[in-house]
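The values are calculated or read from the model by the stated rules, or taken from the named source; none is laboratory data. These numbers were taken from a predicted model, which means no experiment stands behind them. No Cβ is skipped: glycine too gets one built from the backbone with ideal geometry, and neighbour counts run over all protein chains shown. Heavy atoms of the whole protein, side chains included, go into the accessibility calculation; ligands, DNA and RNA do not. Shrake-Rupley method; radii C 1.70, N 1.55, O 1.52, S 1.80 Å.
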Amino acid sequence: MELYRLICHNNGMKFLRSLTFVLGFSAFFHFAPVPQALAKSYTIDNVDIRGMINTDGSMNIEETRTYDFDGDFSFAYLYINKNLDQSKKSGRTEPYSVDSFSLCDAQKCYQQGREPSDLDNASFADRVGWFYVSEEAERYYIKWFYQASDTSRNFRLKYRVADAITLHQDIAELNWQLIGKDWEESQYNVSAEISLPPGIPDDKIQGWLHGPLNGTISIPSAQLVTFSVPQLNSKVFFEARILFPKTLFSKGTTGTLSEAEIRQQEAKFIGETEAQKNRGLVMSRLLIALCFSLILLSYVCLAQALGKFFRHHKESRLPKVNQAGTLWEPPSELPPSQVEQLLTATKTLTPKSFTSTVLALIQHRVLKITRSDQKEGFLFKDYKYYLESTHSTTKERKLSPVENKIYEFLFSNVGEQEIKRAGGTSFTAVKLEDITQYCKSHPVECKKFFKELEETTLEENLQQGYFNQSAHDNTFARKTNIVSGLTLAVGLATLFLPNILPTTSFYQIPVGILTVMTAVFIGVVVNVLEAHKEKRTEKGSVEAAGWLAFQKHMKDYKKTAQYPIDSIILWEKYLVYGTLLGVSKKVLSQLPIQLSEVDTQQAAVYWAGASNGGAFSASFAESFSSVYSAVNSVSSSVTSSYGAAGVGSSGSSSGGGGGGTPL
């Protein structure tokens, strides 16, 4: 009969089910965006309803609900319907009449206003502590104003149903919906008690509870009937029906049914209820059986996928390069990104590949680092560094696909600009700091670029015979992915269907959790396997072994320092591949070098350095450190910004089955 609405938004999802959903979703999607937290939410943790039937056919009702607010709230409203559901042949056509409203919380009772528009249009401060009642054609509308923020609050509503009792042919009846069916949120710890007039014989009281199939009704004495349910799900009403002798009441609304007809109705309702319970239990048991079947099938598919992986994708031991296991020079001139994929035997690239490739473009005289004439800045002055094109990308050396992609990214996406010199001249170049700014303002484009870089590099490794093409094409985990995805869907359905099914097995929730955990575990394992599906060929293994040997030499800095580098070609290779192989920028900037005057002058031109008697000055360490930091910050910008772009903000909905906007 009553539709009680609070204008606010409820999360409506228990922690366990939320957790399993997030885990399951994340297990199958990389970089899954996390939904934004809802701005407001509330839960109804306790509902206590007390009714007292009077001999004049009226009933006094007091309802207390405990709300737990998360956020700021300022008003709420409820409905009380005037009419019974005529489709159920209630035997009563007269509407109910409700009066004597009062509303209180733990601190105070609210004042009742006469004109709804006066309170709705009043300022927030003027309407707090007030409520009004508006009688509409089919219902009463009650709205009250308060202030609550991140707290619990009890609201107690009192009213009188003037004609609650229906006097049928030979029996008196109370038929009242304690909670309406239009709630969109669950309510917890619901209890109600109806007090009866004195003088009723023990064997002349009959009662029924309609709505929740897990509710209970009890008649502890001839003057009290109690009802309870631990959780009243959304869209489920909570209705009390009580029969007692007609002679108790001096007046009441006239009804058309007899006691026998009401008993017949209730017998039919009980039969329908039992049928619903049985159908729900059968569905629950079928879900449990399906869950166990899918769990078993998932592990069988996982075992098959593991077998295929170890047969066709497991890497063999790398060959030994030499007795010492080290190489003093890079084993080849393979582009840095291809080297990184070979070393990890995966498609994934790290920021080191981008940094190293930019350095390789300088090494091959496609780019050069240019430094500003003077230090710039307000408080902390420093030199500005630029990447300047030498315009030799097609004249002397053809760029590799990866190099060409990075070159186009720098000069087409980020874009170059005219830089003024102190003497009045100028040049066009890309500011290193602009790379970072571009990725911060274009996170989607940058993420797409890095993903395409991985794909391009992998294609090169496949075409050049470093990775096994058949292993790359093998979809060894496809069936496992399908089965685990189905297992996840069924597991989530098993967890959430108790809110829909009329009754379920006690084991349904534990089995649902087990099913979701199985799907998550298998999803994680499969993701790891698929990330390592690429397999080196014999050529690729030899190449990877050589690079590991060179890495060992590069990281043994004390040994390297004993032999100064006297070739600019070797020195630049050390810079490029040392960056890729994880050698610190401090070590790279302090490499022992002793170049000829010609090499020194050439290095100074391309690396923004300064010469001093055949050796670099400290300015090289500064310039190289700046390049390394700036280029590395590009990848950091991409990583931090990805996931926010393109994701819409979360919306809100009103609670209790009604429209409105939370305030």
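When segment 196-206 is limited to residues that are at pLDDT 90 or above and not in a loop (DSSP other than H, G, I, E, B), the one that is least open to solvent (accessible area, probe 1.4 Å) turns out to be 206. Filtered by the rule that a residue be in contact (Cβ under 8 Å) with a residue 60 or more places away in the chain and open to solvent by less than 40 Å² (accessible area, probe 1.4 Å), segment 462-485 gives 465, 466, 467, 471, 476, 477, 480, 483, 484, 485.
Looking only at segment 173-190, which residues are modelled with pLDDT of 95 or more and in contact with a Phe, Trp or Tyr (Cβ under 7 Å, 6 or more places away or on another chain)? Within segment 173-190, just 190 meets the criteria.
Per the listing 339, 402, 366, 414, the residue uniquely of a type in the set (A, V, I, L, M, F, W, C), open to solvent by less than 50 Å² (accessible area, probe 1.4 Å) and more than 30 Å from residue 540 (Cα to Cα) is 414.
Each residue in segment 324-342 was checked for being polar (S, T, N, Q), at pLDDT 90 or above and within 21 Å of residue 572 (Cα to Cα), and 3 of them qualify.
Of the helices (runs of 4 or more DSSP H) lying entirely inside segment 433-499, those carrying at least 2 residues that are closer than 30 Å to residue 214 by Cα and of a type outside the set (A, V, I, L, M) are 478-496. The listed residues are 321, 282, and the only one of them that is modelled with pLDDT under 90, aliphatic (A, V, I, L, M), in contact with a helix residue (DSSP H, G or I) (Cβ under 7 Å, 6 or more places away or on another chain) and open to solvent by 30 Å² or more (accessible area, probe 1.4 Å) turns out to be 321. Restricting attention to segment 260-269, the residues that are open to solvent by less than 90 Å² (accessible area, probe 1.4 Å) and of a type outside the set (Asp, Glu) total 5. Would segment 92-113 turn up any residue that is closer than 27 Å to residue 194 by Cβ, assigned to a loop (DSSP other than H, G, I, E, B), modelled with pLDDT under 90 and open to solvent by 40 Å² or more (accessible area, probe 1.4 Å)? Checking segment 92-113: not a single residue is closer than 27 Å to residue 194 by Cβ, assigned to a loop (DSSP other than H, G, I, E, B), modelled with pLDDT under 90 and open to solvent by 40 Å² or more (accessible area, probe 1.4 Å).
Would you please name the residue that is surrounded by the most Cβ atoms within 10 Å (Cβ to Cβ), looking only at residues in segment 140-195 that are over 27 Å from residue 114 (Cα atoms) and β-branched (Val, Ile, Thr)? So the residue we want is 165.
For segment 377-387, the tally of residues that are open to solvent by 20 Å² or more (accessible area, probe 1.4 Å) and either of a type in the set (Phe, Trp, Tyr) or modelled with pLDDT of 90 or more (or both) stands at 3. Residues that are in a helix (DSSP H, G or I) and surrounded by 15 or more Cβ atoms within 10 Å (Cβ to Cβ) were ranked within segment 114-139; the one that is modelled with the lowest pLDDT is 119.
Table: residues versus (1) open to solvent by 60 Å² or more (accessible area, probe 1.4 Å); (2) within 42 Å of the chain's Cα centre (by Cα); (3) of a type in the set (S, T, N, Q).
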{"residue": "334", "(1), (2), (3)": "no, yes, no"}
{"residue": "347", "(1), (2), (3)": "yes, yes, no"}
{"residue": "351", "(1), (2), (3)": "no, yes, no"}
{"residue": "375", "(1), (2), (3)": "yes, no, no"}
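If the requirement is being open to solvent by 40 Å² or more (accessible area, probe 1.4 Å), part of a strand (DSSP E or B) and either at pLDDT 80 or above or more than 20 Å from residue 178 (Cα to Cα) (or both), which of these qualifies: 17, 50? 50 is the lone residue from the list that is open to solvent by 40 Å² or more (accessible area, probe 1.4 Å), part of a strand (DSSP E or B) and either at pLDDT 80 or above or more than 20 Å from residue 178 (Cα to Cα) (or both). The C-beta contact set for segment 428-446 (first residue of a type in the set (Lys, Arg), second residue open to solvent by less than 40 Å² (accessible area, probe 1.4 Å) and part of a strand (DSSP E or B), distance under 6 angstrom, 6+ apart or interchain) comprises 431/386. Selection within segment 532-545: residues that are in contact with a Ser or Thr (Cβ under 7 Å, 6 or more places away or on another chain) and surrounded by fewer than 23 Cβ atoms within 10 Å (Cβ to Cβ). The member of this set that is nearest to residue 470 (Cα to Cα) is 532. Screening the candidates 209, 257 for the property of being buried (at least 19 other Cβ atoms within 10 Å of the Cβ) and under 18 Å from residue 89 (Cβ atoms) yields one hit, 257. Given the criteria more than 30 Å from residue 530 (Cα to Cα) and outside any loop (DSSP other than H, G, I, E, B), does residue 370 qualify? When the stated conditions are applied, residue 370 passes them.
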